[in-house]
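The values are calculated or read from the model by the stated rules, or taken from the named source; none is laboratory data. Keep in mind that what you see is a predicted model, and the values were worked out from it rather than measured. Counting neighbours? That spans all protein chains shown, and the Cβs are built from the backbone with ideal geometry, glycine included. Surface areas here come from the heavy atoms of the whole protein model, side chains and all, with no ligands, DNA or RNA. Shrake-Rupley method; radii C 1.70, N 1.55, O 1.52, S 1.80 Å.
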Amino acid sequence: MSFNTFGHLFRVTTWGESHGPAIGATVDGCPPGVTLSEADIQPWLDRRKPGTSKFTTQRKEPDEVRILSGVFEGMTTGTPIQLMIENTDQRSKDYGDIAQAFRPGHADITYHQKYGLRDYRGGGRSSARETASRVAAGGVARAVLAALVSGLKITGYMVQMGNRAIDRSRFDAAQIGENPFWCPDPVAAVDWAAYLDDLRLNHNSVGAVIEVVAEGVPAGLGAPLYAKLDSELASAMMSINAVKAVEIGDGMAAAALTGVENADEIRMGPDGPEFLSNHAGGILGGISTGQPVVCRFAVKPTSSILTPRATINQSGTEIDLITKGRHDPCVGIRAVPVGEAMMACVLLDQLLMDRGQTGGQRGRIG
């Protein structure tokens, strides 16, 4: 099995390769009767598509999604939704030099070791191009969530590029869509532009940290042990290409806190329980508290760079390799809408499981 499907009730199977004729996703488990068209999905893909600035790959893909099944007269039917995105700007000749060589930092060597063959054109299945399929599926999930949970909002943004983090005292949500980095700190965005431009011109790349926050999440989503909301989120985010670490709430920083500092104290408000802090990231015991769900993930530097790197080829000969082609100097930029999509898919999956088990009933407080 190659495990191309994620989710329990809301299930997404992605398919296709970077330089194949098309990529896409099959979405199963979508409830019937939800208004859905390509226009509901396309805006999310437009945020992820390449070539939007000099800081992303210059591959020109319109990433136009087509719905091939599962929708009739503008409504979901409850049957599998097939989504397709054509590849239109492949340049496979750029990868001829690495047909027999393993790019350092890439999946080339592990795919060869596991399968005995690999699609070297842009990495084939291991390419971050696959994430467009996830964003399309996330667009479906968002449409369903909008119909089922009024006021739920998912927002992603970059909080760190390399060793340069935002100043949270300058956090301005209105700035997120006003710069190429989805950065909520306008001062950091200016600094990052100069920093990344220098790296790009010097044939280098850099990593990043992305934060995704879901507000308006109902309390009670998640299961106590093997389908915890935080473990499902961690798995979903870790499955994104180039992600090497995931945190929920304070994450690793919680290890430096005392119990007094870390406890999210509770008081009774006019509309129910109110938490005085959110170190737990909106999840306790694997179940959502009703607070914002906060997830953060780290993306490694793009491995495809024009600076020679030491490697070997399939015959075992030691060589120095330059990876040609069109690549992101900071893959974290386009990972922001991907993280949002995975958050949407996980939340919808958990919501459907909760409705199936509890019918949405909640324990009374007060």
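Within the stretch 1-87, considering only strands (runs of 3 or more DSSP E) that don't extend past its boundaries, which have at least 1 residues that are acidic (Asp, Glu), modelled with pLDDT of 95 or more and under 28 Å from ASP230 (Cα atoms)?
Hits in the stretch 1-87: 22-28.
Test of understanding: among ARG103, ARG118, which residue is in contact with a Lys or Arg (Cβ under 9 Å, 6 or more places away or on another chain), open to solvent by 30 Å² or more (accessible area, probe 1.4 Å) and within 30 Å of THR307 (Cβ to Cβ)?
Details: ARG103 fails: open to solvent by 30 Å² or more (accessible area, probe 1.4 Å).
Within the list ARG103, ARG118, the selection yields ARG118.
Condition check: assigned to a helix (DSSP H, G or I), basic (Lys, Arg) and either under 21 Å from ARG47 (Cα atoms) or at pLDDT below 95 (or both). Does ARG296 satisfy that? Quick ask: steps written out before the conclusion?
Working: assigned to a helix (DSSP H, G or I): no; basic (Lys, Arg): yes; either under 21 Å from ARG47 (Cα atoms) or at pLDDT below 95 (or both): yes.
Spelling it out, it is not the case that ARG296 is assigned to a helix (DSSP H, G or I), basic (Lys, Arg) and either under 21 Å from ARG47 (Cα atoms) or at pLDDT below 95 (or both).
Can you tell me how many residues in the stretch 254-270 are under 31 Å from the mean Cα position of the chain (by Cα) and open to solvent by less than 40 Å² (accessible area, probe 1.4 Å)?
2
For residues in the stretch 303-325 being aliphatic (A, V, I, L, M) and not in a loop (DSSP other than H, G, I, E, B), which is most open to solvent (accessible area, probe 1.4 Å)?
Going residue by residue through the stretch 303-325, those that are aliphatic (A, V, I, L, M) are 305-306, 310, 312, 319, 321-322.
Retained after the next criterion (residues that are not in a loop (DSSP other than H, G, I, E, B)): 310, 312, 319, 321.
Values: ALA310: 82, ILE312: 61, ILE319: 51, LEU321: 14 Å².
Here the answer is ALA310.
Of the residues ASP349, ASP328, ASP354, only one is open to solvent by less than 40 Å² (accessible area, probe 1.4 Å), assigned to a loop (DSSP other than H, G, I, E, B) and not hydroxyl-bearing (Ser, Thr, Tyr); which?
Just a single option satisfies the conditions, and that option is ASP328.
Taking the condition of a type outside the set (Asp, Glu) and open to solvent by less than 20 Å² (accessible area, probe 1.4 Å), does THR131 pass? Before you say what the answer is, go through the steps one by one.
Working: of a type outside the set (Asp, Glu): yes; open to solvent by less than 20 Å² (accessible area, probe 1.4 Å): yes.
Judged against the criteria, THR131 is a match.
Quickly run through the stretch 1-22 and pick out the residues that are open to solvent by less than 10 Å² (accessible area, probe 1.4 Å) and touching a Leu at 6+ places or on another chain (Cβ under 9 Å).
Within the stretch 1-22, just PHE10 meets the criteria.
Looking only at the stretch 301-321, which residues are hydrophobic (A, V, I, L, M, F, W, C) and at pLDDT below 85?
Listed by number, the residues that qualify are ILE305, LEU306.
Please go through the stretch 190-214 and give me each residue that is small (Gly, Ala, Ser), out of contact with any strand residue (DSSP E or B) (no Cβ under 6 Å at 6 or more places or on another chain) and over 15 Å from ALA335 (Cβ atoms), ordered by number.
ALA193, ALA194
Restrict the check to the stretch 150-165 and report whether at least one residue is modelled with pLDDT under 95, more than 30 Å from GLY290 (Cα to Cα) and not small (Gly, Ala, Ser).
No.
Out of PRO273, PRO337, PRO292, I need the residue that is touching a residue at least 40 places away in the same chain (Cβ under 8 Å), within 29 Å of TYR157 (Cβ to Cβ) and surrounded by fewer than 15 Cβ atoms within 10 Å (Cβ to Cβ). Which one? Walk me through how you get there before you give the answer.
Numbers: PRO337 fails: surrounded by fewer than 15 Cβ atoms within 10 Å (Cβ to Cβ); PRO292 fails: surrounded by fewer than 15 Cβ atoms within 10 Å (Cβ to Cβ).
From the options PRO273, PRO337, PRO292, the qualifying one is PRO273.
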